[in-house]
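Rule-based calculations on the coordinates, nothing more; no lab input. Here the structure is a predicted model, which means the values were calculated and not measured. Cβ placement follows ideal geometry from the backbone for every residue including glycine, while neighbour counts extend to all protein chains displayed.
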Amino acid sequence: MKKILFIGLMFTCLLSPNAFSQSIFTTSPLSQQITILPESIASAINCCVLPFNRIFVSRLTEVVWNNQSGNDVKLTIGKGMDCREIPGEDQTPYVVESILSCQVIGKLPQGKTRSVRLADPGQYDYTIEFLGTVARKPETGSIIVF
């Protein structure tokens, strides 16, 4: 029993300081990457993104969209008929200020990233449309902000 406790204590002491800074208990905004997958991988795991098509993040977490799908994509975040275009060339995270708004990344090229920060708590539904192909249907998911 003492050996197990000692090994556990040594493991905890040897963890990098960054391991604790990335825990869910920190108060500063974090980063969450969402990778849009190629069709071959997406069909094998029955999900178009990693880590999952439904994730939970804290308020103002930087959500980084990484397009590895093999196609350019159009990404719509939120609901509504009047959608605002998120500029594609700016490298700073775009802040989505309301859960009631609709924001669109009109074209996220293959191999590129774009990030947003979600300001309001609640559920942000998103739709990924694969441009230049009719074989791949749009995919949906949700980001729940707490």
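All other residues with a Cβ under 10 Å from the Cβ of G70 taken together, and with Lys, Arg as +1 and Asp, Glu as -1, what is their net charge? Let's see the in-between values first.
Values: positive: R136; negative: E39, D72.
Charge balance near G70 sits at -1.
Peptides 100-113, 82-95: what's the order by average Cβ count within 10 Å, highest mean first? Can you show the working numbers first?
Numbers: 100-113: 15.9, 82-95: 11.9.
The peptides rank, most packed first, as 100-113, 82-95.
Show me 131-141, 56-66, 39-49 ranked by packing, highest mean number of other Cβ atoms within 10 Å first. Could you put the intermediate results ahead of the total?
Values: 131-141: 13.0, 56-66: 17.7, 39-49: 14.5.
So the peptides 131-141, 56-66, 39-49, ranked by packing, come out 56-66, 39-49, 131-141.
Average the reciprocal distances over every distinct pair of alpha-carbons in region 26-145, invert the result, and give the Kirkwood radius in Å. Let's see the in-between values first.
Numbers: mean 1/r = 0.0697 Å⁻¹.
Here the Kirkwood hydrodynamic radius works out to 14.3 Å.
Under a crude label model (7 Å from the Cα following the beta-carbon direction), how far is T113 from L30 in nanometres?
The answer from the label model is 1.6 nm.
Apply the Karplus parameterisation 6.51 cos²θ - 1.76 cosθ + 1.60, with θ equal to phi minus 60°, to every residue of region 56-71 and state each ³J(HN,Hα) to the nearest whole Hz, in sequence, with x for glycine and proline.
For region 56-71, the Karplus-derived couplings read 10, 9, 7, 4, 6, 5, 7, 9, 9, 8, 10, 8, 10, 7, x, 9 Hz, x marking Gly and Pro.
Find how much the distance from R54 to C83 grows on full extension, using 0.36 nm per residue of separation minus their present alpha carbon separation; answer in nm with one decimal. Provide the component values of the computation, followed by the final result.
Working: separation 29, 0.36 × 29 = 10.44 nm, distance 2.19 nm.
The R54-C83 span can extend by a further 8.2 nm.
Between C102 and S43, what is the FRET efficiency for a Förster distance of 35 Å, r being their Cβ-Cβ separation, to the nearest 0.05?
Values: r = 28 Å, r/R0 = 0.81.
Computed FRET efficiency for C102 and S43: 0.80.
Over region 45-146, what is the percentage of antiparallel beta bridges among all DSSP beta bridges, to the nearest 5?
70 percent
Counting only C-alpha contacts under 8 Å and six or more residues apart, can you give the relative contact order of region 26-145 as a whole percent? Let's see the in-between values first.
On the way: 282 pairs, mean separation 34.9, N = 120.
Value for region 26-145: 29 percent.
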